[in-house]
Amino acid sequence: MNKSDRKRFNNVEASLTKITQELTYENEKTDKRLVRMRFVGITFDPDSYSYGEGQLNDALDHGYKMIRDYPTGAGVVIALGLYKNGAV
């Protein structure tokens, strides 16, 4: 991976961390309950990152919210949660 790719991925990782913190704060202010979890892996490989990106976008389109990101040596794993109002 070249220097510009590494910089781009570091920027993405920093953005994900910020978004995760904002969503965690929003979830703490509401009466929503976590009803489902999903983990999506995104590799920092220019040839295969789009698969994980597609899974992440699909989950977000279905109402999942980012909870936390877990950096790995090869990329990042995103923890997603589906929240519903007053669910048990």
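What the table shows:
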{"item": "Extreme residue, farthest from the chain's Cα centre (by Cα), among residues of region 1-25 that are exposed (fewer than 12 other Cβ atoms within 10 Å of the Cβ) and among the charged types (D, E, K, R)", "result": "K3"}
{"item": "Of all residues in region 26-43 being more than 14 Å from the chain's Cα centre (by Cα) and surrounded by 13 or more Cβ atoms within 10 Å (Cβ to Cβ), the one that is nearest to I78 (Cα to Cα)", "result": "R36"}
{"item": "Residue ID - farthest from the chain's Cα centre (by Cα), chosen from residues in region 46-81 that are more than 22 Å from R8 (Cβ to Cβ) and touching a residue at least 40 places away in the same chain (Cβ under 8 Å)", "result": "G81"}
{"item": "Residues satisfying the stated conditions in region 46-68, i.e. surrounded by 15 or more Cβ atoms within 10 Å (Cβ to Cβ) and at pLDDT below 90", "result": "Y49"}
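The values are calculated or read from the model by the stated rules, or taken from the named source; none is laboratory data. Here the structure is a predicted model, which is why all the values come from computation and not from measurement. Backbone-built Cβ (ideal geometry, glycine too); neighbour counts: all protein chains shown.
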